[in-house]
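One structure below.
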Amino acid sequence: MNLKSHLIFTLYTIYGILLKVVASKGKARGISGQHPLVQNVTVTEGGTANMTCRVEYNDNTSLQWSNPAQQTLFFGDKKALRDNRIELMHASWSELTISITDVTLTDEGMYTCSLFTMPVRTAKAYLTVLGVPEKPEIDGLTKPAMEGDHITLTCMTQGSKPAADLRWFRNEKEVKGAKEVNASGKTFTVRSSLQLHVDRNDDGVAYTCKVDHVALSQTPQQATEVLEVHYAPRVQIINSLAVPQEGQYLKLECVSKGNPSPDPVMWTKDGGELPDLDRMIVEGRELTFTSLNKTDNGTYRCEAGNHLGTSSAEYVLYVYDVPTTLPPSTTPPLHPIPPDPTALLGTHASDPTVTGSRDPNALGQRGTDHALIGGVVAVVVFVTLCSIIVLGRYLARHKGTYLTNEAKGADDAPDADTAIINAEGNHAHAEEKKEYFI
């Protein structure tokens with residue numbers, strides 16, 4: 001009996017412990033699930049902001065949204081603030097969603113979602129309102145600008161938040177400007193300036209100022225101005241013939257570029273009027289010669305101008321004779337020269353019409369043979385000349401001398417022995433009767 005009662009007591013104890021564990025888990029789940037969850041919201045000025053507050057576990061506790069001024073907007077499904085821009089989107093025990101239309105910069109701030117438990121639990125979400133920059137304006141452009149002027153173009157945009165970025169473009173190429181940012185309340189005024197030294201190449205160029213901003217991802221803002229530049233003309237003469245000849249047709253065109261467009265051009269020859277208007281026809285900017293002759297030689301001048309200046313160009317015309325070709329002679333030569341068989345043989349050997357095929361190396365081989373033969377001949381001539389020079393110098397330095405019988409006194413001697421003796425004795429006088437043999 002005691003054993004049975006002991007077992008029953010033990011079972012009740014275990015059951016009580018299990019009930020406490022389950023109750024503690026449920027309580028912990030309620031505490032953690034009853035914390036509101038929100039997210040920050042970013043919206044463009046004039047747009048709509050949706051504010052959502054969620055609870056994972058709620059035991060019939062009310063949710064509430066309040067604005068940065070701590071004014072209650074909605075308590076559950078009950079609207080507390082009279083503002084037609086604020087609407088209820090969804091209300092339940094687990095979610096409260098409201099919308100704010102036509103958002104302004106004053107709506108920006110920290111919004112609070114409250115869960116009325118004991119104690120009250122809150123979550124905060126920040127509403128960011130982007131200020132949309134206004135369309136930019138370009139100032140400082142004078143119309144028309146003069147060549148050589150220094151001008152400053154200024155682009156300005158207002159109402160951006162955060163501050164916008166301004167970019168300059170010359171036609172399609174980006175150029176760098178100087179940026180300036182000024183705060184005006186919650187928004188910013190941005191200026192960018194571009195310095196220009198105007199020349200004739202700027203005439204008709206489009207300068208564009210573009211606004212870069214996070215609120216303009218789909219509708220970019222930009223302003224464009226086309227620069228008009230006035231400049232004095234420049235003149236150039238273009239001729240239709242490179243080598244004009246007698247009897248030919250020649251056209252000279254006076255090309256002038258200026259803004260405003262130059263007045264009608266004026267043609268002169270050698271400082272005076274055109275002499276022959278029957279053959280020299282002036283039509284607009286063109287001077288046409290219907291048939292050239294030697295009397296047309298001279299310096300032709302084209303002049304054009306506008307209110308900013310005058311420019312001219314000159315063309316020196318020289319008419320060449322018509323080239324003539326002499327007819328071939330029909331008189332045969334007095335002493336015809338027979339053809340060289342060697343040359344004919346070489347010609348036939350290298351003619352593809354005779355051999356039926358062309359040797360691509362034939363020209364190179366013949367050139368090599370001629371060079372080799374010429375080199376050998378040059379070496380032989382050089383060696384021969386050197387030999388002659390050496391032999392001549394040797395003979396000049398070793399000239400032979402001898403004494404004739406007359407010089408030695410052999411004519412007076414009766415016999416050979418006496419002649420030899422006389423020759424030895426008269427050796428000192430032999431210099432007077434020397435004969436030379438070269």
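The values are calculated or read from the model by the stated rules, or taken from the named source; none is laboratory data. These numbers were taken from a predicted model, which means no experiment stands behind them. Note that we place each Cβ from the backbone using ideal geometry, even for glycine, and neighbour counts take in every protein chain shown. Calculation scope for accessible area: heavy atoms of the full protein, side chains included, ligands and nucleic acids excluded. Shrake-Rupley method; radii C 1.70, N 1.55, O 1.52, S 1.80 Å.
Extension gain, ARG85-THR219: 0.36 nm per intervening residue step, less the Cα-Cα distance, totals 45.8 nm. Annotation for segment 46-108: trypsin sites (Lys or Arg not before Pro) lying in DSSP loop with at most 16 further Cβ atoms inside 10 Å of their Cβ are ARG82, ARG85. Average accessible surface for segment 256-303: 55 Å² per residue, computed with a 1.4 Å probe over protein heavy atoms with every protein chain in place. Averaging the sequence gap over all C-alpha pairs within less than 8 Å and six or more residues apart, then dividing by the number of residues, gives segment 232-317 a relative contact order of 38 percent. Label separation (ASP212 vs ASP77): 5.0 nm, computed from points 7 Å beyond Cα along the C-beta direction.
Rounded to the nearest whole Hz, the Karplus-based 3J(HN,Hα) values (6.51 cos²θ - 1.76 cosθ + 1.60, θ = phi - 60°) of segment 208-221 follow the sequence 10, 10, 10, 9, 9, 7, 5, 7, 10, 5, 10, 10, x, 10, with x at glycine and proline.
Taking a ≥ b ≥ c as the square roots of the eigenvalues of the Cα gyration tensor of segment 36-130, is the shape rounded (a/c under 1.5), prolate (a/b larger than b/c) or oblate? Here segment 36-130 falls in the prolate category.
Provide the gained length on full extension for the span SER94 to ALA178, in nm with one decimal, where the gain is 0.36 nm per separating residue minus the Cα-Cα distance.
Values: separation 84, 0.36 × 84 = 30.24 nm, distance 5.38 nm.
This chain segment gains 24.9 nm when fully extended.
Mind checking the full-extension length gain between ASP276 and VAL377? Use 0.36 nm per residue of separation minus the Cα-Cα distance, one decimal, nm. It would help to have the intermediate numbers written out before the result.
Values: separation 101, 0.36 × 101 = 36.36 nm, distance 6.94 nm.
Residue separation times 0.36 nm, minus the Cα-Cα distance, leaves 29.4 nm.
Remark: spin-label model distance ALA396-GLN195 equals 8.5 nm, labels positioned 7 Å along the Cα→Cβ axis. FRET efficiency for the THR48 to GLU134 pair, using the beta carbon distance and R₀ = 22 Å, is estimated at 0.55. Surface exposure of segment 134-227, expressed per residue as accessible area with a 1.4 Å probe, stands at 56 Å². Annotation for segment 269-311: GluC sites (Glu not before Pro) lying in DSSP loop with at most 13 further Cβ atoms inside 10 Å of their Cβ are GLU273.
Taking N as the number of residues in segment 134-227, what value does Rg over Cα atoms divided by 2.2 N^0.38 Å take?
Numbers: Rg = 13.8 Å, N = 94, 2.2 N^0.38 = 12.4 Å.
My calculation over the Cα atoms of segment 134-227 gives 1.12.
A simple spin-label model places pseudo-atoms 7 Å from Cα toward Cβ; at TYR249 and GLU228 they are separated by 4.0 nm. From a point 7 Å beyond the Cα of ASP102 in the direction of its Cβ, which residues of segment 48-87 have a backbone N at a distance under 13 Å? Of the residues in segment 48-87, 48, 83-87 have backbone N under 13 Å from the label point off ASP102.
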